[in-house]
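Worksheet: the structure to be examined is printed underneath.
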Amino acid sequence: MSDTFESRLAEAAAATEATLAALLSDAPGEGELARPERLVAAMRHAALGGGKRFRPFLLIENARLFGAEGSGVLRAAAALECVHCYSLVHDDLPAMDDDDLRRGRPTVHRAFDEATAILAGDALLTLAFDILADPATDPDPDVRLALIAGLARAAGIGGMAGGQMLDMAGEGKALPAETIAGVQAMKTGALIRYAAEAGAILGRAGPDDRVRLARFGAALGAAFQLADDLLDASGNAAALGKASAKDAARKKPTLVALLGMDEARRRLATHIAAAEAELAPYGAAATPLSAACAFIAARGA
């Protein structure tokens, strides 16, 4: 990884962590009657103390392309991470992927219990929209509405949740490559695409820039999933931060299983090239984002 990417990623991770820690305090917020101690502890276990914060990094850096920085951008990044963390809590449940390890630590349902994990995920999801609806995130209600609508669509029936449903339904089935890629664009790619577009929204980017960065996010999301599948197939649990070889054990259809590792790596390179091409108009200002492309490419190498 380049020094620029490492430092920017670490900076984004630290700032996101601090913002999340403040948002997940024990003290009730405005309009809240109480915050149950065990629920808050489970939410903090899920959201704090681990993870690269790659999605917040993308949102922050895309906003920075258009001169937007500060606490509002960090709040939006934290909201996005709440949704990502909720999805991990629920994906890890016995009813879904049944994982015991996440980010090198016990999953929430193992550290607490299954019912608490379900509620922690529910609470993280709803907290995300609470954060985005607050004027502290952005004073412009149109910007807040665009952020909320975009995240709802990325996380919902036509995005991440729908992708998870299709992913589970496809277990043990022989699916064509186009179908697998479509499922992955929903399950993993939708939030990464949102991260890029949300940064542009916060930066008051014009329609062309928003479309361009959405395309960048879509290509990067496809590459990200391929890299993770290659890591899973290679048995690199340390790099994944969770148990490896789970896809094969559950007979999940992946492009790696269908096409082989060499073809998957070729497709990964194609997606990385497409993502980098969308960054070309921004020149040196997009260097950290270009370095993120190189980071994903190296994960799948």
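The values are calculated or read from the model by the stated rules, or taken from the named source; none is laboratory data. Everything quoted here is computed from the prediction, not taken from an experiment. Cβ placement follows ideal geometry from the backbone for every residue including glycine, while neighbour counts extend to all protein chains displayed.
Out of region 60-110, which residues are touching a strand residue (DSSP E or B) at 6+ places or on another chain (Cβ under 9 Å) and of a type in the set (S, T, N, Q)? Matches in region 60-110: T107 only.
Every listed requirement among (1) over 19 Å from the mean Cα position of the chain (by Cα); (2) modelled with pLDDT under 75; (3) part of a loop (DSSP other than H, G, I, E, B) is met by A248 save one, (3). Note on region 49-75: residues that are touching a helix residue (DSSP H, G or I) at 6+ places or on another chain (Cβ under 6 Å) and in a helix (DSSP H, G or I) amount to 12.
Would you confirm whether any residue within region 188-197 is in a helix (DSSP H, G or I), aromatic (F, W, Y), at pLDDT 95 or above and over 20 Å from the mean Cα position of the chain (by Cα)? No, the conditions are met nowhere in region 188-197.
Considering A46, A41, A77, A27, the condition of being of a type in the set (G, A, S), buried (at least 21 other Cβ atoms within 10 Å of the Cβ) and more than 30 Å from A205 (Cβ to Cβ) is satisfied by A46 alone. Taking region 26-48 as the range and being within 18 Å of A77 (Cβ to Cβ) and not in a helix (DSSP H, G or I) as the test, only L48 passes. Quick test of your reading of the structure: D134 fulfils all but one of (1) surrounded by fewer than 17 Cβ atoms within 10 Å (Cβ to Cβ); (2) under 20 Å from the mean Cα position of the chain (by Cα); (3) in contact (Cβ under 8 Å) with a residue 40 or more places away in the chain. Name the failing condition by number. D134 satisfies every listed condition except (2). Selection of region 101-131 for residues being assigned to a helix (DSSP H, G or I), buried (at least 20 other Cβ atoms within 10 Å of the Cβ) and either without any contact (Cβ under 8 Å) to a residue 12 or more places away in the chain or β-branched (V, I, T) (or both) yields V108, T116, I131. In the condition set (1) within 17 Å of the chain's Cα centre (by Cα); (2) over 17 Å from I192 (Cβ atoms), L93 is compliant with all but (1). Reported count of residues in region 249-289, each being polar (S, T, N, Q) and either touching a residue at least 60 places away in the same chain (Cβ under 8 Å) or crowded, with 18+ Cβ neighbours inside 10 Å (or both), is 2.
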